[in-house]
Structure formats: C-alpha cells, structure tokens
1. Quick one: order 50, 32, 129 from most to least accessible surface, probe 1.4 Å.
2. Using the alpha carbon gyration tensor of the stretch 19-141, what are the three equivalent-ellipsoid semi-axes (square root of 5 times each eigenvalue), largest first, in whole Å?
3. Can you pull the semi-axes for the stretch 47-86, root of five times each eigenvalue of the Cα gyration tensor, sorted largest first, whole Å?
Amino acid sequence: RVGRGTRLDWCPIHGATDAAAFIGLQNKLGAIAGPLSLFDKKRLMMASAIATDPGLLMLDEPVGGLNPGETDEVLELVRKVRASGVTVVLIEHVMRALMSISDRVMVMNHGRLLFQGTPDDVQRHEEVIRVYLGTATEDRPTKADVGAIEELEDWRTSEPDEAAGSPEGDSNGGRHDA
C-alpha cells in the first residue's frame, strides 16, 4: 500500500512528505495551496488523503476542469494508487477517464441506479445510452446536458487513447452520476 498501515514508528509529517513525493508534489511542499493551479490542487487533494494511509480512497471528479494532458497524469496517479493496494472509488463525468480506469461502473440518473457493470457493458446498455443521449421519454436534453451528450458521442466513436477529456469538468449540469 501507499502508506505504512498501523505502525508505531509512522509519523504524520513523514506521511505527508511521502504522499507528496508519491503524487509528484515534492517540489511544492513549501507552497501556499491557494495560488496553486487546479491541477496541483487536485494532486494535493489526493496527497492529503494518501497521507492518512487509507485502505479506500474516494475521489469526487478528480479530472473535472483539467485539460487532456493533466487528465492523463491524474489517471496515471490513480492507477499508481490502485497498484499500491488502495481501493479507489470515484465519481466522474468525464467518460474517457471513467472508462479507461474503471473495473466496474455505476450509472445513476436522478438519484436512481440505472446501470452497474463493466465499462464494456455500459457502452452497450440501451437505457444508459437513451438517458445520456436524451431520448428517454421522461427526459429530453437541456442546454446543460449538451457537453455530456457530445462527450459520450465522442467517447463511443473514438479510440480510448484518442478521446479528449472535458476541459469544463462537470459539463452536464450535475444531472447524471457515473
């Protein structure tokens, strides 16, 4: 695991320093967090959680608002955390990110579970496609849904490495959770 588990010789200062190095923030240890870029703030969020030596790391939109290169770097960090033995649960609207990193996917619509399964299965699930493309009878797309609809269409028609992350982050107005 990233941390050391419960050990008597573990110290929170060393945990923070180790976590910053693990995430790639070792050169910013003396920086004030406020002026950091969004990318560095997202990495700081992860380092802060990792410093507590979690068995489970929950991330809320870790790539929202990031450009495609930054998104790829955060995804690599999430993979690195997973490889260290930490279970990762994330909420994300950037489909490319979600599909490239997930073993299992849950899609919610208006607070209800719509789908649970593999990334491969979600792209073929008719109800998920109808809801995200706005053809479900109870729901037509609004202007706030346009970004998510375009992203899903791009994701469904592109190769995983060619799809672009959403620079706006939560471009669907918060209506759908994946």
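1. From most accessible down to least: 32, 129, 50.
2. Equivalent-ellipsoid dimensions as semi-axes: 31, 16, 12 Å.
3. For the stretch 47-86, the ellipsoid semi-axes come out as 20, 11, 7 Å.
The values are calculated or read from the model by the stated rules, or taken from the named source; none is laboratory data. Owing to the predicted nature of the structure, the values given are computational and were not obtained by experimental measurement. All accessible areas refer to the heavy atoms of the entire protein, side chains included, with ligands and DNA or RNA removed. Shrake-Rupley method; radii C 1.70, N 1.55, O 1.52, S 1.80 Å.
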